[in-house]
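Rule-based calculations on the coordinates, nothing more; no lab input. Predicted model only: the values in this text are computed from it and were never measured.
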Amino acid sequence: MSGLPRSGSTLLTALLNQNPEIHASTNSPLLDTIHYTEEYLLYNSEQYKAHPKPECAHKVLSSIAPNYYFNTPQNIIIDKSRGWVNQIEHIQDYITKEPKIICPVRSIPDIISSFLNLVYHSKTTSFIDEALIKNNIEINNDNRADYLMSPQGIIGQSYHALSEAFRKGNDKYLLLVEYDDLVSQSQKELNRIYDFLELPRFIHTFENVKPKFDENDEVYRLEHMHSVRNKVEKIHRDNTKFLSEYVLNKYKNMEFWKKQTPRYSIFGI
């Protein structure tokens with residue numbers, strides 16, 4: 001599972017974990033473990049360069065995923081990382097030749113507003129404000145939005161990764177799940193996911209929803225970032241509470257996945 005932040009991935013993992021045949025992970029280090037192991041072994045190890053053993057290296061790298069989940073009883077594992085969409089080659093090289101990636105997406109203003117709502121209710125300094133303070137930038141919602149959407153920001157990075165998947169023609173491996181559809185017609189969207197994964201459909205419940213696994217949001221430095229409401233329903237939020245006209249105009253119409261031609265203008269591409 002990959003896609004954009006604040007777009008329902010935590011909710012989706014909580015729902016999928018109702019199915020006893022599925023293990024849907026929290027944010028996972030698997031991709032980074034494969035990536036950095038490959039980077040060191042193949043490109044930075046003097047010993048490997050002196051005496052390359054490509055078959056052995058491939059076996060080591062291919063063993064990471066099954067070893068990471070060695071004690072997971074379910075046969076269907078959905079690993080969650082926002083980087084998968086731009087690292088499909090790693091999946092094909094070391095996991096499977098036919099990747100299937102579930103990608104929750106949402107309108108960009110809604111995502112920004114959702115982050116700022118968390119900041120507004122947080123009792124501690126968020127990672128967003130920490131970044132602004134470090135760079136001597138005034139703390140206000142316009143600057144928070146611009147940081148989130150920058151190449152260093154969590155939305156900007158995820159947006160870029162998703163747009164790269166489309167640019168490379170890898171969108172054929174993706175199933176996009178719109179947040180608004182997930183919370184308004186949940187079973188229908190889950191049926192789409194099961195059909196995409198070529199799995200039998202499962203009837204889910206949408207009240208008293210609880211994540212199967214705890215995730216410590218203190219690590220991410222933003223309270224309640226991975227909390228899930230008990231009942232699945234659409235909650236209306238007026239984006240103008242947190243987003244100025246400047247932000248609404250700057251980041252409008254960026255949902256390239258709804259169009260024929262992707263838009264990458266925030267990176268000047």
*Which far-off residues, 5 or more places away or on another chain, put their amide H under 5 Å from the one on Ile76, with H placed in the peptide plane?*
His23
*In Hz, Karplus ³J(HN,Hα) per residue of the stretch 231-248 (6.51, -1.76, 1.60; θ = phi - 60°; x = Gly, Pro)*: 10, 7, 7, 6, 9, 7, 10, 6, 4, 5, 5, 10, 10, 6, 4, 4, 5, 4
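When only C-alpha pairs under 8 Å and at least 6 residues apart count, what is the relative contact order of the stretch 123-269, in percent?
Details: 100 pairs, mean separation 40.4, N = 147.
Relative contact order comes out at 27 percent.
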*asked:* If you average the C-alpha positions of the stretch 1-29 and of the stretch 173-232 separately, how far apart do those two centres end up, in angstrom?
replied: 6
*Please work out, to two decimal places, the log10 of the ratio I(q)/I(0) at q = 0.13, 0.24, 0.32 Å⁻¹ from a Debye calculation in which every Cα of the stretch 176-228 carries one identical scatterer.*
-0.45, -1.00, -1.16
